[in-house]
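The values are calculated or read from the model by the stated rules, or taken from the named source; none is laboratory data. All values derive from a computational prediction rather than experimental measurement. Here the Cβ is made from the backbone with ideal geometry for all residues, glycine too, and neighbour counts use every protein chain on show.
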Amino acid sequence: MKLVIERREISSALLRFSAPIASIGVALFVAGFLLLASGVSPLEAYKEIIIESLGSIYGLSETLVKTTPLIFAGLGVSLAFRMQIWNIGAEGQIYVGAMGASWVALFSGIQTHWIMLTAMFFAAFLCGGTWAGVAGFLRARWKVNEVIVTLLMNYIAILWVDYLIYGPWKDPKGFNFPLTAQFSDTARLAEYFNTRMHSGFFLALFCALVLYLFIERTVWGYEIKVIGSNQRAAKYAGMNTGMAIFFVLFLSGAIAGIAGFSEVAGLQHRLQHGISPGYGYTAIIIAWLAKRSAIGVVIVSFLMGVLLVGGDSLQLLWQLPVAFVYAFQGLILFFLLASDFFIIYRLKFVKGGAHV
Amino acid sequence: MKKAPLLLLLVLALAFCLPGCSQQEKKEETSSAPAPAESKAQEQAEDKGIKAGFIYVGPVGDAGWTYAHDQGRQEMEILSYVQPSTFIETVPEGAESARVINGLALKGHNLIFTTSFGYMDATIDVAKRNKDIVFMHCSGFKTADNVGTYFGRMYEPRYLSGIVAGKMTKKNIIGYVAAFPIPEVIRGINAFTLGVQSVNPQAEVKVVWTQTWFDPGVERDAADSLLDVGADVLTMHQDAPATMQAAEARGAYVIGYNSDMRSFAPNAFLTAPIWNWGSLYTKLAEEVHNGTWKSEQIWWGMKENLVELAAFSSAVPAEVQALVTEKGNAIKSGTLHPFAGPIKDQSGKIVIAAGQIAPDGDLLGMNYFVEGVQGTISK
């Protein structure tokens with residue numbers, strides 16, 4: 001007997017739907033043993049995670065707060081993935097987006113609420129887009145690998161923002177601490193229900209809808225899909241692939257940049273170190289799990305939010321070490337990605353001697 | 001695929017509807033809210049038990065900053081009316097922390113300590129929504145009616161440890177692994193350097209920034225780079241003991257920080273400026289329990305024993321020990337202040353005039369290096 005991996009001819013809809021759910025089940029089952037070993041009842045813990053992240057207005061609002069930047073960044077990354085362009089730089093694009101929005105908020109002097117927010121939005125959009133556009137240009141013009149360029153530009157972006165908050169943008173009244181001044185009320189998004197949930201969330205949903213229509217209903221979206229599946233065929237069909245690559249990376253970065261706008265205008269109200277605790281990297285996993293679909297990104301981002309917010313309760317209620325929370329979140333992601341594999345492939349036992 | 005837009009509309013509709021439904025729920029919630037608040041108040045009136053919560057920036061096992069806070073937490077728990085306290089470790093600084101702090105507030109904690117600078121905005125924000133809870137934020141500058149701040153004059157034992165370093169260096173190159181160029185860290189580097197120069201004006205202090213509080217790998221690299229350029233005494237403003245291990249491996253001396261870390265570098269260890277949070281935490285718990293707590297900005301020093309110099313290792317000669325002990329007593333009695341002028345900055349300009357002592361406000365916002373420091377602060 002031999003075990004071989006075989007590509008499935010078709011993956012049934014049932015399988016595609018049930019595999020991720022089953023994989024979460026398996027992950028919870030495995031994590032359950034870790035919980036038992038720490039003397040915590042797994043069922044109790046899972047119940048608490050759900051209650052914590054969804055069971056109250058407050059919990060739900062926090063989950064949505066967490067979901068918001070993930071949706072933006074996930075949409076940006078998934079758009080590029082559509083065209084087989086690997087934008088690993090969403091983290092940096094979030095930072096420059098936040099920088100652009102903060103620049104408008106701090107120094108433009110605009111007094112009208114909606115003009116201010118619109119200006120901040122477009123500043124973030126352009127900054128994020130330009131940042132990713134550099135990689136797009138290099139890729140289109142000289143075939144420079146965009147994975148390397150976007151990844152390395154993350155560090156430049158983060159250090160650049162550090163430079164600004166330690167230097168020229170530092171709050172003069174902040175005792176030399178590395179923070180910009182707080183934004184005025186003009187530059188803040190609306191908050192709801194006395195929670196931290198802000199209108200950035202609805203903007204994120206709107207973005208998902210627009211992106212969906214763009215991909216599925218426009219000629220440009222069609223071109224992106226064609227170039228993504230076969231670049232040479234696209235060229236043969238007369239599509240300007242170079243322009244499309246630049247354009248897609250620009251748009252991808254611009255959408256990730258909006259996450260920066262939403263974070264500073266909706267949540268942080270100032271620019272500071274660590275405005276994104278790795279949302280740009282989480283976005284890569286999200287885009288992958290969502291199969292690059294805009295709707296999928298919204299759903300997966302929300303699940304991610306539940307996982308991140310609910311994970312806190314493990315520490316809060318049972319004083320489990322933070323390493324446990326990371327291990328728990330890692331297990332779930334691991335099994336989700338594994339399920340992806342089994343949707344495309346299957347394991348088959350073959351009698352000895354059979355070809356592999 | 002045709003169904004997808006419908007699905008999205010559904011999601012959108014749900015999202016917009018949720019607030020509507022939730023508002024109703026919220027009304028119910030607010031109407032029922034006073035009940036638990038009352039019972040909580042009654043409970044407090046009966047025994048005024050302290051249920052404390054702590055937010056830590058690193059893991060409790062970091063052997064440094066967070067470890068020292070956790071020791072203080074445990075010391076506070078000795079009080080009979082202090083219930084077992086809760087801590088949450090490795091909480092990211094910034095807006096992210098507000099959720100975790102609020103989590104503690106929702107779970108019935110009535111005294112919450114947030115132990116890193118980056119929790120400042122979040123602490124103020126959560127405090128606004130939880131007026132009946134006392135918050136204490138470590139190292140910040142914002143207060144509110146129910147938010148106080150606390151910190152220690154770590155520059156005092158830093159100055160003393162500088163004297164030890166100045167006496168022990170042979171090559172006159174001392175390495176300083178430092179986290180972020182913020183006033184707290186800069187103040188420590190300056191005090192340390194002033195201590196060094198008070199006994200050894202030839203010695204220079206080289207600073208390497210790591211841009212992290214806790215990252216043993218990065219800290220180790222920074223320490224190694226300082227050893228590479230000839231430093232024979234190291235110290236650090238970091239939460240991990242990586243600098244100690246680097247010095248131990250390369251046969252240099254090292255001065256620790258945060259807690260007595262000599263077990264990480266038995267041969268290299270000289271001494272360490274350390275925190276004793278226990279006495280302060282105990283006092284605050286008492287005040288909240290007795291109802292005498294009020295918002296203030298606490299900045300204790302060696303006199304109150306919030307900060308001190310750890311016991312010397314046998315590598316420090318007796319006369320150096322005696323000198324440092326004498327200076328330490330002078331600091332405690334108030335006759336010696338590390339930041340008494342004349343003090344020059346790196347360019348040689350007098351920043352604190354002779355006969356002057358830098359006021360607390362200047363110390364809290366310190367943004368320049370004194371003469372003798374080799375390094376830059378980005379401006």
- From A:THR180, A:THR195, grab the single residue that is under 30 Å from B:ASP362 (Cβ atoms) and surrounded by 16 or more Cβ atoms within 10 Å (Cβ to Cβ). A:THR180
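Looking at this structure, is A:GLY238 over 11 Å from the mean Cα position of the chain (by Cα) and within 13 Å of another protein chain (Cβ to nearest Cβ)?
On the way: over 11 Å from the mean Cα position of the chain (by Cα): yes; within 13 Å of another protein chain (Cβ to nearest Cβ): no.
Here the answer is no, as A:GLY238 does not meet what is asked.
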- Query: Between a first residue in the range A:316-336 that is at the interface with chain B (Cβ under 9 Å from one of its Cβ atoms) and a second residue that is assigned to a loop (DSSP other than H, G, I, E, B), which pairs have beta carbons less than 6 Å apart while being 6 or more apart in sequence or on different chains?
  - Reply: A:VAL322/B:GLU89; A:VAL322/B:THR90
- Query: Just one of the numbered conditions (1) surrounded by 14 or more Cβ atoms within 10 Å (Cβ to Cβ); (2) under 26 Å from A:ILE343 (Cα atoms) is not true of A:LEU35; which one?
  - Reply: (2)
- Subset of the range B:194-246 [within 12 Å of B:ALA178 (Cβ to Cβ), among the hydroxyl-bearing types (Ser, Thr, Tyr) and touching a strand residue (DSSP E or B) at 6+ places or on another chain (Cβ under 8 Å)]: B:THR210, B:THR235, B:THR243
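Which ranges mark the helices (runs of 4 or more DSSP H) fully within the range B:271-379 that have 3 or more residues being farther than 30 Å from A:TYR166 by Cβ?
Of the helices (runs of 4 or more DSSP H) lying wholly inside the range B:271-379, those with at least 3 residues that are farther than 30 Å from A:TYR166 by Cβ span B:277-290, B:318-333.
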- Output the residues belonging to the range A:275-286 that are within 11 Å of another protein chain (Cβ to nearest Cβ) and more than 17 Å from A:ASP171 (Cα to Cα). A:SER276, A:PRO277, A:GLY278, A:TYR279
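Determine, yes or no, whether B:MET236 is among the hydrophobic types (A, V, I, L, M, F, W, C), part of a helix (DSSP H, G or I) and under 28 Å from B:PRO317 (Cα atoms).
In short, no.
So that you can scan it fast, the table gives a plain yes or no per residue for (1) more than 12 Å from every other protein chain (Cβ to nearest Cβ); (2) touching a residue at least 60 places away in the same chain (Cβ under 8 Å); (3) under 24 Å from the mean Cα position of the chain (by Cα):
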site: A:CYS207; (1), (2), (3): no, yes, yes
site: A:VAL210; (1), (2), (3): no, no, yes
site: A:LEU213; (1), (2), (3): no, no, yes
site: A:VAL219; (1), (2), (3): yes, no, no
site: A:ALA234; (1), (2), (3): yes, no, no
site: A:GLY257; (1), (2), (3): yes, yes, yes
- Note on the structure: Residues in the range B:252-270 that are of a type outside the set (Gly, Ala, Ser) and part of a helix (DSSP H, G or I) total 2
- Message: Can you tell me which residue is nearest to the other protein chains (Cβ to nearest Cβ) among those in the range A:293-306 that are of a type outside the set (Val, Ile, Thr) and within 12 Å of A:LEU64 (Cα to Cα)?
- Response: A:PHE302
- Query: Any residue at all in the range B:182-196 that is assigned to a loop (DSSP other than H, G, I, E, B) and within 14 Å of chain A (Cβ to nearest Cβ)?
  - Reply: yes
- Tell me, please, whether a residue that is of a type in the set (Val, Ile, Thr), part of a helix (DSSP H, G or I) and without any contact (Cβ under 8 Å) to a residue 12 or more places away in the chain can be found in the range A:109-123. yes
- Query: Among the residues of the range A:299-356 satisfying the criterion of being among the β-branched types (Val, Ile, Thr) and touching a strand residue (DSSP E or B) at 6+ places or on another chain (Cβ under 7 Å), which is nearest to B:PRO84 (Cα to Cα)?
  - Reply: A:ILE344
- Take the residues of the range B:87-134 that are at the interface with chain A (Cβ under 10 Å from one of its Cβ atoms) and at positive phi: which is modelled with the highest pLDDT? B:THR90
- Task: Would you mind finding the one in B:VAL196, B:VAL254 that is outside the structural domain of B:PHE141 (by TED's automatic domain parsing), among the β-branched types (Val, Ile, Thr), crowded, with 24+ Cβ neighbours inside 10 Å and free of Cβ contacts under 8 Å to residues at least 40 places away in the same chain?
- Result: B:VAL254
- Query: Restricting attention to the range B:162-181, which residues are farther than 19 Å from B:GLN245 by Cα and not in a helix (DSSP H, G or I)?
  - Reply: B:LYS170, B:LYS171, B:ASN172, B:PHE180, B:PRO181
- Does B:SER116 satisfy being hydroxyl-bearing (Ser, Thr, Tyr) and not assigned by TED's automatic domain parsing to the domain that holds B:ASN290? no
- Message: Being surrounded by fewer than 24 Cβ atoms within 10 Å (Cβ to Cβ) and over 24 Å from A:TRP160 (Cα atoms) is the filter here; which residues of the range A:68-100 pass it?
- Response: A:PHE81, A:ARG82, A:GLN84
- Could you identify the single residue in B:GLY64, B:GLY49, B:GLY53 that is surrounded by 22 or more Cβ atoms within 10 Å (Cβ to Cβ) and either away from chain A (no Cβ under 14 Å) or among the acidic types (Asp, Glu) (or both)? B:GLY64
- Within the range A:159-199, track down each residue that is more than 8 Å from every other protein chain (Cβ to nearest Cβ), charged (D, E, K, R) and part of a helix (DSSP H, G or I). A:ASP185
- Item | Test result for B:LYS344, surrounded by fewer than 16 Cβ atoms within 10 Å (Cβ to Cβ) and under 21 Å from the mean Cα position of the chain (by Cα) | no
- Item | Among the candidates B:LYS167, B:LYS206, residue that is over 28 Å from B:SER333 (Cβ atoms), surrounded by fewer than 24 Cβ atoms within 10 Å (Cβ to Cβ), at pLDDT 95 or above and not polar (S, T, N, Q) | B:LYS206
